Amino acid sequence: MGHIQDRWYRQARHPETGRLLFNDKDKPVMERSELYGIGLRYKVRYLDPDNNERSKSFADKQKKRAEDFLIEVESDKREGKYVDPQAGRVLFSVVADRWVAAQTFDHTTRERVISRLANHLKPFFKAKTVGAIKPSDVQAWLRWLQDRRVSTRSRVLYFTHLVSILSFAKEDKLIVSNPAQASSVTRPRAGLRQVQPWRPERAQAVLNALPIRFKPVVRVPAGIGLRQGEVFGFSLDDVDRDRNVAQVERQVRIVDNVLCFAPPKRGKTREVPIGGELLSALDEYAEQFPATEITLPWVHPEGKPVAVKLLMVDYDGLPFRRGGFRLSVWLPALKKAGIEKPTRADGMHALRHLYASVLLDAGESIKALSSYLGHSDPGFTLRVYTHLLPTSHERTRNAVDALFRDGLAAA
């Protein structure tokens, strides 16, 4: 059990015998020590869970705070929640790097996270130790991001990283609590954007504007809902023609500026039904532009080489890089199709949304659509596309009319 030392006073001794003095009530007689009035008065001394002696000092007239601190320390030791007060003297940037190193991100995600930390977290917290970060500092950081005109969605993402880093520090017993989760911190929240899929007429206009060699970039995402990287990694060998399904098994990604094959987003492979009209169009395309066998490392630049006969490549016979594709193929096609000022909603992802809207309009279930799109949760699919669901008003009226028409009204 720890104790509290009063550095300004000590128990008096008999001047001749040297024995400790007590008063009539058998309480120690106190006298000023040579430290009276110098420095902090009360020192809490205690043993940590490893039996190392620790201490913390408090000013004059703060004995109650010292007592409360000692009670809290002893309680935390019993409950296994004790945190060494010195442990938090580690720079935030060091803890952030440890957190990144401990994560199981894929290579591309790791690069992106490191970049976000370097640009949006470390510049603000660089001079602070993790134990010195207070809820007010977190709130000031959020305002700093806002003043730099960082979008709400990005602030949500960066805040999620900060919460994870500080939770990592808490679990490693560097800090007692996570300041980013304090009630005084206003957590940024971004409303779910209502996706606006292209109308079929717009998709047709862009298809018509594309060079023949690149027409699959409209047909494939609009026909089987693939993401851009999955389109670049698509092969007709992925189609099971007996079952009329496409196996979505890979995408093309850039890792350390090197093109690589990788699993789809979140490693979620899937099967998607493929219609005969689309398959015939792709077969005709393949007759004119035979598949190109491309060998790329799997997942990261040092990964195992994997050879795939890609449906579509660039003019040089190489897999597309997103940036080059956008500048050399996509934006010129949008302009030719009459889309003079394209927005973020005019990316290839709009064709994936078109695919989703067509399936919902045809009565496909959210669960099936979620599976075809490779979403991790049907609830997410519902939140994204709920406004595209066909109205149930007409179905309700028809059902009730049928009920009365079949005899209920006559009764």
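Has segment 135-158 got at least one residue that is surrounded by 13 or more Cβ atoms within 10 Å (Cβ to Cβ), within 30 Å of Pro297 (Cα to Cα) and under 24 Å from the mean Cα position of the chain (by Cα)? Yes, the conditions are met somewhere in segment 135-158.
One line per residue, one yes/no per condition, for (1) of a type in the set (Lys, Arg); (2) outside any loop (DSSP other than H, G, I, E, B):
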| position | (1), (2) |
| --- | --- |
| Asp97 | no, yes |
| Arg110 | yes, yes |
| Arg116 | yes, yes |
| Lys122 | yes, yes |
| Asp137 | no, yes |
| Val150 | no, no |
| Thr160 | no, yes |
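Quick check on this structure: which one of Asp238, Asp256 is touching an Asp or Glu at 6+ places or on another chain (Cβ under 9 Å), without any contact (Cβ under 8 Å) to a residue 12 or more places away in the chain and not assigned by TED's automatic domain parsing to the domain that holds Arg116?
One residue alone meets the criteria, Asp238.
Scanning segment 286-307 for residues that are over 31 Å from the mean Cα position of the chain (by Cα) and crowded, with 18+ Cβ neighbours inside 10 Å yields one hit, Ile294. Taking the criterion of being among the small types (Gly, Ala, Ser) and without any contact (Cβ under 8 Å) to a residue 12 or more places away in the chain, the only residue of segment 1-41 that qualifies is Gly18.
Any residue at all in segment 271-291 that's at pLDDT 90 or above and on the phi > 0 side of the Ramachandran plot? Spell out the reasoning first.
In the first step, residues of segment 271-291 are kept if they are at pLDDT 90 or above; the result is 271-291.
Then drop every residue that is not on the phi > 0 side of the Ramachandran plot, which leaves none.
Taking every residue of segment 271-291 in turn, none turns out to be at pLDDT 90 or above and on the phi > 0 side of the Ramachandran plot.
Condition check for Ile71 on (1) in a helix (DSSP H, G or I); (2) touching a residue at least 40 places away in the same chain (Cβ under 8 Å): one failure, at (2). Within segment 278-318, the residues that satisfy the criterion of being among the polar types (S, T, N, Q) and part of a helix (DSSP H, G or I) are Ser280, Gln288. Annotation: of all residues in segment 320-353 being within 28 Å of the chain's Cα centre (by Cα) and not in a helix (DSSP H, G or I), the one that is surrounded by the most Cβ atoms within 10 Å (Cβ to Cβ) is Phe320.
Look at (1) at pLDDT 90 or above; (2) out of contact with any helix residue (DSSP H, G or I) (no Cβ under 6 Å at 6 or more places or on another chain); (3) surrounded by 14 or more Cβ atoms within 10 Å (Cβ to Cβ) and you find that Ala368 fails only one, number (3). If the requirement is being touching a residue at least 40 places away in the same chain (Cβ under 8 Å), within 30 Å of Val113 (Cα to Cα) and in the same structural domain as Asp346 (by TED's automatic domain parsing), which of these qualifies: Leu296, Leu282, Leu278? Unique residue meeting the criteria: Leu296. Condition first: in contact (Cβ under 8 Å) with a residue 12 or more places away in the chain and either in a helix (DSSP H, G or I) or surrounded by fewer than 18 Cβ atoms within 10 Å (Cβ to Cβ) (or both). Now tell me which residues in segment 173-189 satisfy that. Answer for segment 173-189, where residues must be in contact (Cβ under 8 Å) with a residue 12 or more places away in the chain and either in a helix (DSSP H, G or I) or surrounded by fewer than 18 Cβ atoms within 10 Å (Cβ to Cβ) (or both): Lys173, Val176, Pro179, Ala180, Gln181, Ala182, Ser184, Thr186, Arg187, Arg189.
Among the residues of segment 260-277, the ones that are over 17 Å from Ser371 (Cα atoms), out of contact with any Phe, Trp or Tyr (no Cβ under 6 Å at 6 or more places or on another chain) and crowded, with 18+ Cβ neighbours inside 10 Å come to 2 in all.
The values are calculated or read from the model by the stated rules, or taken from the named source; none is laboratory data. Since the model is a prediction, treat every value here as computed from it, not as a measurement. Cβ atoms come from the backbone with ideal geometry, glycine included; neighbour counts cover every protein chain shown.
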